[in-house]
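Taking it in order: structure first as structure tokens, then the write-up.
Quick note: the coordinates plus some simple rules give every number you see, no bench work behind them. Just so you know, these numbers come straight off a predicted model, no measurement behind them. Counting neighbours? That spans all protein chains shown, and the Cβs are built from the backbone with ideal geometry, glycine included.
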Amino acid sequence: MAELNVLGFHAGNSVPHQLDVRFKLMFLVIISLSSLKAFAPSLSLLTLVLIVALNHAGLPFKMALKDLRYGFLLLVFVFMARSLSVPGSPVVEFKAVSVTREGLYEGSMVCWRLLIVIMTGLLFVLTTRSSEIKAAVEWMLKPFPWIPAKRIGIMMSLIVRFIPIIFEQAKKTKEAQKARGVENRKNPVYRLKMFGIPLMRRIFERADKLVLAMEARCYSENRTDSLLSSSVKDWIVLAGVMCLCLIIIT
Amino acid sequence: MNIIEIENLSHRFADGTVGLNKINLSISEGAFVVIAGRNGSGKTTLLKHLNGLLLPTKGVVKLSGVPVTKNLTWSRQMVGMVFQDADSQIVGETVSDDVAFGPENLCLDRAEVKRRVVRALETVGLHHHKDQKPHLLSGGEKRRLAIAGILAMEPKVIVFDEPFSSLDYPGVKQVLAQMVFLHQAGHTILVASHDLEKLIAHTDRLVIMQDGGIVRDGLPSQLLGNLEAFGIREPCASRLGMEVHSWLN
């Protein structure tokens, strides 16, 4: 049985699942922008709200932490860069390098904000079908007739559809290499080369197969689109999100 | 009446390799035909010509008298193809999304798409999994999902490419039962396989391919003794001089 990957749609009946995708896209933008202006107390509130929402949407937290571990590694790098680059009163000093109190604070704030963006994006991906994303993108690009809305919508939905496949292929490649003792090779460039090339080949092969399967089922740009319909619930949640963001930025 | 007519079909790949060489084949409506042959004999290449996934270098493939190339969308609706690798055929995020993919491509209205999805999932017995992620299904269930995705497009011909590869015994039985059911429901079934053991009791015609050409075509009972010369294993019961029984019994 294949392992579940959190970076994809999970069917459910939670409130985020029931919301119109256009509203969800709007929430994603509003919350991400508001978090840029937020500090510790309001970030705590936002984190709490998002944890409740993710739990309500049925996110398997343990698995999510495992799947997002490389993203957290990025956050660690950001934190370190900030800690070392912001001037202020030093906490640790080693030759010309110093970690400052202000740097630690700035670094943790930036990482926290990025975490909020990741959590909001996760909630969006978890509760939204890629076909709905496609329909929403097409709807948003409708006022711009010179932009190929359908094509862009398809590209976006396929990217979302393909993320779990890339992770799955990466896992298989890694396991196959471990089985042949790649861990005994300490040269990171060699390991990256031996991992990256077969992974890319597998991804492209998989993409080719997917294209063929889609063609066999008459795929074209003109197809039955997802129904986009907003309800009172969307407006109520919008009001709630707006209030939350106002509290955060004031 | 012949639902598929292949006349003088040849296919040469871009690198110059000959995939098919002067194939002539007619298949009557409602038939259950097995196309057998060793790896690289041209089975999959032939099947891909039936719905225009590959186009002939020479010759013509006709469905109900109409060349496949005349209307590719119609051809692909008419001939549903279940691929060897069921995972690569899955495009939806849930089981019902995946089945809806084909009808949506046919621009059917939402109510009709829903009706077809429900019917196809009930036919293959996966309705209780409709909201599940397809990748979490077992091998046999994935193959049945691929069949449901095809059935939702209401094809007349269903083509299976190595339908039992990497399936366990229950998975094989599930898929075989589905194939037999679809045949009894009036679909024309074409199966490409090098493993006849599971199929031979249900098929009414056996076509053997080698090096891109058809080398034998006839009743399974007439051809069973000559299979191994073409790299196909003779069913166990037949080797022992016994009658070949269905795997479903």
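Annotations
- Our coupling estimate for segment B:112-117, obtained by passing each phi through the Karplus curve with A = 6.51, B = -1.76, C = 1.60 and θ = phi - 60°, is 5, 4, 4, 4, 5, 4 Hz, Gly and Pro reported as x.
- Order of B:K130, A:K134, B:K22, A:K95 - criterion: other Cβ atoms within 10 Å of each residue's Cβ, fewest first: A:K95, B:K22, B:K130, A:K134
- Other-chain or far-sequence residues with amide H under 5 Å of B:S10's (modelled H): B:K22, B:I23, B:T57, B:K58, B:G59
- Shape of chain B, Cα gyration tensor, a/c cut at 1.5: oblate
- Between segment A:48-125 and segment B:67-112, the Cα center-to-center distance that results, in Å: 43
- Under Karplus coefficients 6.51, -1.76 and 1.60, residue-wise ³J(HN,Hα) of segment B:51-57 in Hz, glycine/proline x: 10, x, 5, 10, 10, x, 6
- Proximity of backbone amide H atoms, modeled 1.01 Å from N, is registered between B:I3 and B:I27, B:S28, B:E29 at under 5 Å, excluding neighbours fewer than 5 places apart on the same chain.
- Most fluctuating residue given options A:A136, A:A216, A:A96, as computed from a GNM of chain A linking Cα atoms under 10 Å: A:A96
- Note on B:M209, A:M26: ascending count of other Cβ atoms within 10 Å places them as A:M26, B:M209, the fewest first.
- Alpha-carbon Debye profile of segment A:1-98, log10 I(q)/I(0) at 0.21 Å⁻¹: -1.31
- Applying a threshold of 24 Å to the alpha-carbon distances of A:K142/A:K209; A:K171/B:K114; B:K43/B:K156 flags A:K142/A:K209; A:K171/B:K114 as lying beyond it.
- Förster radius 30 Å - calculated FRET efficiency between B:F181 and B:A229 (Cβ-Cβ, nearest 0.05): 0.35
- Size of charge dipole - the protein assembly as shown - debye, nearest 20, with Cβ of Lys, Arg +1 and Asp, Glu -1, no other charges: 1180
- Using a Gaussian network model of chain B in which every pair of alpha carbons under 10 angstrom is joined by a spring, one finds that among B:R239, B:R144, B:R38 the greatest mean-square fluctuation is at B:R239.
- Shape of segment B:68-203, Cα gyration tensor, a/c cut at 1.5: oblate
- When the Cα positions of B:H128, B:T69, B:S88 are compared along the charge dipole of segment B:68-147, B:T69 comes out farthest toward the positive end, with charges on each C-beta of Lys, Arg, Asp and Glu.
- Per-selection metrics, the protein assembly as shown (Cα): Rg and Dmax in Å: 27.6, 92
- As a proxy for reagent exposure, B:D97, B:D131 were ordered by neighbouring Cβ count within 10 angstrom, fewest first; the result is B:D131, B:D97.
- In terms of its alpha-carbon gyration tensor, segment A:181-250 comes out oblate; a/c meets the 1.5 threshold, while b/c is at least as large as a/b.
- Here the alpha carbons of chain A define both size measures, Rg and Dmax, at 21.5, 66 Å.
- What you get for segment A:162-250, charging only the Cβ of Lys and Arg (+1) and of Asp and Glu (-1), is a dipole of about 840 debye around the Cα centre.
- Of B:D211, B:D168, B:D85, the one that fluctuates the most in a GNM where chain B has Cα springs shorter than 10 Å: B:D168
- Cross-linked pairs A:K174/B:K48; A:K193/B:K142; A:K66/A:K186: Cα-Cα separations exceed 28 Å for A:K174/B:K48; A:K193/B:K142.
- Residues within the reach of a label modelled at B:S138 (point 7 angstrom out along Cα to beta-carbon, backbone nitrogen below 14 Å), restricted to segment B:160-203, are B:167-177.
- The residue list B:A148, B:P163, B:G186 was ranked by how far each Cα lies along the charge dipole of segment B:118-242 toward its positive end, using unit charges on Cβ atoms, and B:A148 comes out on top.
- Distant-in-sequence amide H partners of B:M209 (H built 1.01 Å from N, under 5 Å): B:A36, B:G37, B:V215
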